[in-house]
1. How many of the residues making up the range 171-190 are more than 13 Å from Y276 (Cβ to Cβ) and open to solvent by less than 50 Å² (accessible area, probe 1.4 Å)?
2. Give me a count of the residues in the range 132-161 that are open to solvent by 30 Å² or more (accessible area, probe 1.4 Å), within 14 Å of the chain's Cα centre (by Cα) and in contact (Cβ under 8 Å) with a residue 24 or more places away in the chain.
3. I'd like to check something: does the range 268-275 contain any residue that is closer than 15 Å to L223 by Cβ, crowded, with 24+ Cβ neighbours inside 10 Å and of a type in the set (A, V, I, L, M, F, W, C)?
4. Run down D209, D168, D216, D201 and say which single residue is among the charged types (D, E, K, R), more than 29 Å from Q303 (Cβ to Cβ) and open to solvent by 10 Å² or more (accessible area, probe 1.4 Å).
5. Name the residues in the range 54-79 that are in contact with a Pro (Cβ under 8 Å, 6 or more places away or on another chain) and loosely packed, with under 14 Cβ neighbours inside 10 Å, would you?
6. When the range 32-52 is examined, which residues are found to be under 22 Å from A87 (Cα atoms) and open to solvent by 40 Å² or more (accessible area, probe 1.4 Å)?
7. Is it the case, given these coordinates, that C221 is open to solvent by less than 50 Å² (accessible area, probe 1.4 Å) and in contact with a Cys (Cβ under 9 Å, 6 or more places away or on another chain)?
8. So, in the range 282-307, how many residues would count as being without any contact (Cβ under 8 Å) to a residue 12 or more places away in the chain and touching a Lys or Arg at 6+ places or on another chain (Cβ under 9 Å)?
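The values are calculated or read from the model by the stated rules, or taken from the named source; none is laboratory data. No experiment lies behind these values; they were computed from the predicted model shown. Neighbour counts run over all protein chains shown; Cβ positions are idealised from the backbone, glycine included. Areas reflect the complete protein model, heavy atoms only, side chains present, ligands, DNA and RNA absent. Shrake-Rupley method; radii C 1.70, N 1.55, O 1.52, S 1.80 Å.
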Amino acid sequence: MSRRVLFHRTWPPNSPDVGTYGGQQKVRDAFEHVRSFPGFDPYVHFPPSTQWHDHPGNVWLSYRAQALTEWNVLPGDILFLAGRDWAEMSVHPRAFPDNPVVAIAQPRHVRPEDIRLAHLRERAIRIAKSEAGRQILEAHGVNGPVICIPDAIDFSQLPAPNDEPAHDLFIVGLKNPQLARTLKKRIEEKYGASLRVTIQDAKLPTRQDFLRQLNDCRMACFLPVPPEKGLEGFYLPALEAMVLGKLVICPDAIGNRDFCLKGQTCIMPEYSLESYLSAIHHALKMSRVERQEMLHTALQHAQRHELEGEREAYRKLFSQVDNLWADENLFWPR
């Protein structure tokens, strides 16, 4: 018989799911990876509090009809948790506490103000999305091993690179819309109509909508989570831009350190208005040779993050789950 792997997904009340969430997408990818492994059967449960919105950006909508109606954990099940899924453990305490738990953890979870900090004390095999994230989690101290499985891109879902984009610069400012609008205003004041600028300061319906907008520019300037509000676990949009052949401007966001290499794969400003403006000016002054070298190096790094590699890393992890879970040296004393 196949081993059950239980996933738990929800959207909080009064928080309309009107666009695509990267975190939801990557948990869905993990679900599909597990589905492809012989000997494992993934199942997902959506609690009653889930707010369903019938729109194309909801990556779990098609799974609703086949979902488990109850969070009913059986002996031998493996639990796969991410984000705030740990809260379900307090609502429905596990009848079988020795079930292995695999959990995605982000470096921002170690911040004192993050409600997920307490969950790091729970026994689990944790997945970090970047080597820098893994180091932060281990330095803080978590109950269990931390394994790095970087995020990956499904290259088949990307549009063909657009060689004749309508815009020179795309400001990706969903996570800091105020700064994004101010940056756009300052750029337009400085360059006027000579620089065609577009901006994303609100959610788009689907990931494909974002990718099309990203593909319709020559340069992409990213505003990840501001440092005072947390750290990125990976930061997939900048990597997608590299695959699409866009010159990337992106500051250090912790999770992007494996592929955002200053002066090699992208331009890396400090996280401030003036530094962004300086970085954009530098990008516009780059020689064709310098620009092509950066684009080439960026593409080489980005191509390492293909979905099959991510699937193989998950397969290896699940083949070792029982051995890892049984090794008391990897966990805090009970």
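1. Residues in the range 171-190 being more than 13 Å from Y276 (Cβ to Cβ) and open to solvent by less than 50 Å² (accessible area, probe 1.4 Å): 1 in total.
2. 2
3. The answer is no, given that none of the residues of the range 268-275 is closer than 15 Å to L223 by Cβ, crowded, with 24+ Cβ neighbours inside 10 Å and of a type in the set (A, V, I, L, M, F, W, C).
4. So the residue among D209, D168, D216, D201 that is among the charged types (D, E, K, R), more than 29 Å from Q303 (Cβ to Cβ) and open to solvent by 10 Å² or more (accessible area, probe 1.4 Å) is D201.
5. Result: P56, single match.
6. Quick first cut of the range 32-52, residues under 22 Å from A87 (Cα atoms) only: 42-52.
Residues satisfying the conditions are Y43, P48, S49, Q51, W52.
7. Taking the combined requirement at face value, the residue satisfies it.
8. Number of matching residues: 0.
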